[in-house]
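Values in this text are rule-based calculations from the coordinates and carry no lab data. Since we're looking at a predicted model, the values are computed, not measured. Reconstructed Cβ throughout: ideal geometry from the backbone, glycine too, with neighbour counts over all protein chains shown.
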Amino acid sequence: MQHMALTKGELKILKSIVVASENNPRKPEFPAENPKFPATPTYKMKVPGFNNVWLKDESKNPTGTHKDRMAWEIIVTYRHILLAKQRGQISGPLPRMSLISSGSAALAIQTQFNKYKLPPLKVLADYKLHSDIKIALERVGAEVYEVDLSRRLLKTQDILQITRNENGFDITSAEALDPTTRFYDWLSYEILNSSPEYCFVPFGTGNLYENILNVTKREVTGSHHDPRFKGNVRTLQQCHFLGATTNSPASLATKLYSPHLPFVHYNEQWIRLYRTAGYCGSKSDVYVFQEKFLQQALKLTNEQNIQCEPSGIAGLALLLQMRRQIPSKAKILIINTGKTKYTTAPNVKTLARHANTTANK
């Protein structure tokens with residue numbers, strides 16, 4: 001194959017992006033530096049009133065959250081773009097990517113962009129974004145644009161226009177990236193292989209929650225299972241998948257709240273059909289947790305030295321809120337989406353404090 005359509009730099013980038021496999025558990029693709037399956041640990045944690053609670057700990061990822069998995073899929077997308085250019089299907093410079101982010105996803109993606117020498121990420125953030133987070137993003141090479149995200153719902157063209165990227169792509173909304181089936185497919189299998197009876201998941205954009213349910217649907221209805229799947233079909237058909245979110249702008253879980261959350265595919269009709277068709281348990285839905293239970297969850301994780309942000313441990317808050325509705329001996333899985341490692345920030349302690357305070361303080 002000729003490589004005339006690629007520059008020397010682009011050819012070097014293409015060769016550096018190695019995808020071991022799409023779904024072979026013996027040849028995992030993540031994390032790229034040290035691929036393994038499962039990529040992060042699942043271990044027991046202590047929750048008063050329950051004796052079989054497990055924690056899926058995404059804080060062990062490279063930049064500290066599950067967003068590292070999404071970041072890797074964006075790298076794979078660039079590989080596809082480079083292959084298309086190599087085949088002569090497209091021409092010109094590599095397109096830039098834009099994204100609405102409060103920090104975690106942007107840091108994860110830009111960290112990967114740096115590794116593969118890809119064009120800097122264009123980040124659209126709320127004007128209330130903490131200055132140290134903005135500095136951390138800019139220091140790793142991201143371009144940050146600030147607006148008042150509470151004023152109106154921003155569409156794809158709005159995002160691209162504000163970030164001066166009319167010829168690029170908006171990761172926030174791109175359906176072609178398959179965010180609800182691809183961003184977290186490996187993570188979804190790691191979760192399902194635990195065969196929980198109750199699974200508590202933080203719900204912000206909804207991509208993770210939807211990804212887990214979509215993979216569950218595939219495995220409990222199909223006769224040919226993905227090689228990564230080792231779960232119990234009967235148990236998963238009865239598993240209650242509970243999304244945990246907030247409707248309060250003053251919540252500590254700042255990454256789960258948005259007055260205008262764009263491009264969410266989840267709706268009541270969708271989850272009701274999944275329940276009715278027997279893809280999941282009857283309690284599967286998205287619930288709003290009360291702030292006092294989030295405080296209790298943070299106290300528990302602090303006592304057990306679990307690294308998490310308030311948004312990342314929202315599932316535990318919901319479990320505590322629903323404790324009277326759940327059998328004490330049920331197998332429960334809490335998804336901890338982690339805590340962002342702003343290692344490049346000028347004042348890491350300030351960032352840590354900010355992650356545990358409200359956006360309005």
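Here is how the numbers come out for the structure above:
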read-out	value
Paramagnetic label zone (point 7 Å from Cα along Cα-to-C-beta, Val18; backbone N under 19 Å) in the range 57-71	62
Segment Asp178-Tyr116, extension gain: residue separation times 0.36 nm, minus the distance between their alpha carbons	20.1 nm
Net lengthening on full extension, Lys46/Arg151 (0.36 nm per residue, minus Cα-Cα)	33.6 nm
Calculated SAXS-style log₁₀ I(q)/I(0) at q = 0.19 Å⁻¹ - the range 28-76, Debye, Cα scatterers	-0.65
11 Å beta-carbon shell around Gly168, net charge (K/R +1, D/E -1)	+1
The range 298-345 and the range 46-102: distance between their alpha carbon centers, rounded to Å	22 Å
Least to most buried among Phe183, Phe229, Phe169 (fewest other Cβ within 10 Å first)	Phe229, Phe169, Phe183
The chain: DSSP helices with Cα axial extent of at least 20 Å and average Kyte-Doolittle hydropathy no lower than -0.5	67-86
Whole-number D in µm²/s for the range 68-177 (Stokes-Einstein; Kirkwood sum over Cα pairs; 20 °C, 1.002 mPa s)	150 µm²/s
Sorted by Cβ density within 10 Å, fewest first, the residues Asp285, Asp185	Asp285, Asp185
Cβ-derived FRET efficiency at R0 30 Å, Trp270 paired with Lys128, nearest 0.05	0.45
Neighbour cut-off at most 15 other Cβ (10 Å), DSSP loop, GluC sites (Glu not before Pro), the range 113-218	Glu166
Environment charge at Ala20 (Cβ cut-off 15 Å; Lys +1, Arg +1, Asp -1, Glu -1)	+2
Ascending count of other beta-carbon atoms within 10 Å, so fewest first, for Val53, Val19	Val19, Val53
Simple spin-label estimate for His80 and Thr343 in nanometres, 7 Å along Cα-Cβ	3.0 nm
Helical contribution to [θ] at 222 nm, DSSP H n ≥ 4, -39,500 (n - 2.57), averaged over the chain, rounded to 500	-10500 deg cm²/dmol
